[in-house]
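*Asks:* Below is one structure. I have some questions about it.
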Amino acid sequence: MPVIHLTTVIHAPLQRVFDLSRSITLHKRSMEHTNEEAIAGRTNGLIENGESVTWQAKHLRKVRQLKVHITAMEKSGFFRDEMLEGDFTYMKHEHHFKEIANGTVMIDVMDFGTPYGKLGRLFEKLYLHRYMQRLLEHRNEVIKDFAESEKWRVVLT
């Protein structure tokens, strides 16, 4: 059961960072290298509490789908998405936001599991954990880039 924990400091207002993190449009841009698309549920705009989105992307040489549901949200401070359908046995991703003097601290905590027993856990340890961490790190760099520049206006207005 790997857990990924990332902390990103972003020199931008809390509300902007929170909204960019919920933006379907920005998520698609951050995952262009996987041809990720929102194919069902909320497919554009800002995802809200109680909504779902189904993503389709190419990962590990295969086109995959992942349906997630926003199971909790506290405006500007926190939201959680959890897998409803997909290749994991479970997946939970918490997004935490805290205002600081010069911007926002964004914290991601992602917990997931894979099928196939011991073989799946070995795959998690040897490859999948790092693969998923790199995806989140890349996504956070895109959020940071947009939030700290004028690019955010293209996505949020």
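Readers should treat all values here as calculations from the given coordinates under stated rules, not as data from a laboratory. What you are looking at is a predicted structure, and each value in this text was computed from that prediction instead of being measured. Ideal geometry is used to build each Cβ from the backbone, glycine not excepted, and the neighbour counts take in all protein chains shown.
*Asks:* State the Cα centre-to-centre distance between segment 101-157 and segment 28-46 in whole Å.
*Replies:* Going from one Cα centre to the other spans 15 Å.
*Asks:* Relative contact order, percent, of the chain when contacts are C-alpha pairs under 8 Å separated by at least 6 residues?
*Replies:* 29 percent
*Asks:* Relative to the first principal axis of the alpha-carbon coordinates of the chain, what is the inclination of helix 129-147, with its axis defined by its Cα atoms, in degrees from 0 to 90 and to the nearest 10?
*Replies:* Its long axis makes an angle of about 20 degrees.
*Asks:* Which of the lysines could a cross-linker span from K58 if the Cα-Cα distance has to be under 18 Å and same-chain partners fewer than 8 positions apart are dropped?
*Replies:* K58 reaches K28, K67.
*Asks:* Net charge within 11 Å of I47 by Cβ-Cβ distance, Lys/Arg positive one each and Asp/Glu negative one each, not counting I47 itself?
*Replies:* -2
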